[in-house]
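Worksheet: one structure, shown below.
The values are calculated or read from the model by the stated rules, or taken from the named source; none is laboratory data. The structure displayed is predicted, hence computed values, not measured ones. As a convention, Cβ positions derive from the backbone with ideal geometry for all residues, glycine included, and neighbour counts pool all protein chains shown. When the accessible area is computed, the model is the full protein with side chains, heavy atoms only, and any ligands, DNA or RNA have been set aside. Shrake-Rupley method; radii C 1.70, N 1.55, O 1.52, S 1.80 Å.
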Amino acid sequence: MTTYRRRATLGLLGTGMALLAGCSGSSDDGNGSDDDTEDESDESAGDADIDGENGDLPAYASILPQSDDPSYFYGAIDGATLDTLLNDEGAAEGNEPTDPLLGNPVIMAVLFGNFGSRASRQAYVNNDQTAADEGVLVDANGVYAVKGQYDQDGLAADLESAGYAAESDTDAYSVYSDPDSGEAVGVSEEVFAVTSPNPNDDGFEPIAAVERVLETAVGDREPKHAVDEDFEWLLRASSTDGMALCRYTETEAFDPATLGNEQVSSDSLEFAFGAFEGANGAHQQLSLGDGDATASAVVTYADEASVDRDRLESALGTDADSVTFEQDGSAVAVDAEYSGDLVEE
């Protein structure tokens, strides 16, 4: 078994996370306590237990917008984890984890380094009023959104000073765009959202994508979980503390051509979702402790006959000290511990 030093693993995040310096994270439990809705509480942290009926939604579920695309992706990172990544002064380059339970969340966190342009990041930092241990950073289907507390008027003024043009302006939120780069930025008192044109998707419209997030955040549009029972079940069944990411499709199974390998490659920064071939939902979570780590996943299929335990067990938790798989009908929960792998030197 390959041993991954904790500092070596965190070293993968150094460049990307440095771009987020000044970004407040989220609440310690990854489920935020700043949401007023009754079912979005802070109890869902912990092991995956396939409890999609009684589990709680993360607070950031309120900003995950519905979409016309049957495929869905989100990633999130909480404040305690973000603080660890930004302030681990001993982090150094090291081996990349090849176990998808470790590697996929790490890659997701690295990609957060693409958060906004220099101008939009500066406007964000200037007007961020979020406490250091509150808020959450989310990739909502291609839109980077930070849930926290902001000076909305100050954000708007800074963006206008930087040459951004107003695209929509309501009492609750405003959306701006950069005429040169095509970047779109949305601001409200509780959400800062930003995205740029996607060179791999000609149909991706940054302004519309940011507007969906802001409309969802202020209650003008229903969030994804409110209109899709299967997606809601997956969120409630999963642990969401630390780093979390989710792939989901409204079809019976993922398109295998989009999943990639079953193992994270050491040669390139690519997700490894091959273990989830045949499934239609996969929610992963990774928590970093003091010299150890825990990871979990909940994987759902169209029906019990489609479950591929052999594929899951051969690809997930390959570098863990211990790993368990629990099946309940068409869903499988995976829990792994890395108490000996991610250690301080």
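For the reader, a short list of remarks on this structure follows.
- Matching option when the condition is part of a strand (DSSP E or B) and within 21 Å of residue 138 (Cβ to Cβ), among 231, 192: 192
- In segment 140-163, the residues that are free of Cβ contacts under 8 Å to residues at least 12 places away in the same chain reach residues that are buried (at least 23 other Cβ atoms within 10 Å of the Cβ) with C-beta atoms within less than 9 angstrom, at least six apart or across chains, in these pairs: 157/123; 161/123.
- Residue that is least open to solvent (accessible area, probe 1.4 Å), among those in segment 272-301 that are modelled with pLDDT under 90 and of a type in the set (A, V, I, L, M): 293
- Scan of segment 302-327 for residues that are surrounded by 14 or more Cβ atoms within 10 Å (Cβ to Cβ), at pLDDT 95 or above and charged (D, E, K, R), ordered by number: 308, 311, 313, 326
- Residue 157 vs. criteria surrounded by fewer than 16 Cβ atoms within 10 Å (Cβ to Cβ) and of a type outside the set (Phe, Trp, Tyr): yes
- The set of residues in segment 189-221 being among the small types (Gly, Ala, Ser), touching a helix residue (DSSP H, G or I) at 6+ places or on another chain (Cβ under 7 Å) and under 23 Å from residue 62 (Cβ atoms) consists of 193, 217.
- Evaluation of residue 247 against (1) part of a helix (DSSP H, G or I); (2) of a type in the set (Lys, Arg); (3) within 15 Å of the chain's Cα centre (by Cα) (one fails), failing number: (1)
- Hits in segment 104-131 - residues which are hydrophobic (A, V, I, L, M, F, W, C), more than 20 Å from residue 287 (Cβ to Cβ) and within 19 Å of the chain's Cα centre (by Cα): 115
- Scanning segment 153-192 for residues that are among the small types (Gly, Ala, Ser) and more than 15 Å from residue 124 (Cβ to Cβ) yields 163, 165, 166, 168, 172, 177, 181, 182.
- Members of segment 279-309 found to be assigned to a loop (DSSP other than H, G, I, E, B) and either out of contact with any Gly (no Cβ under 6 Å at 6 or more places or on another chain) or within 23 Å of residue 79 (Cα to Cα) (or both), listed by number: 279, 280, 289, 290, 291, 292, 301, 302, 303, 307
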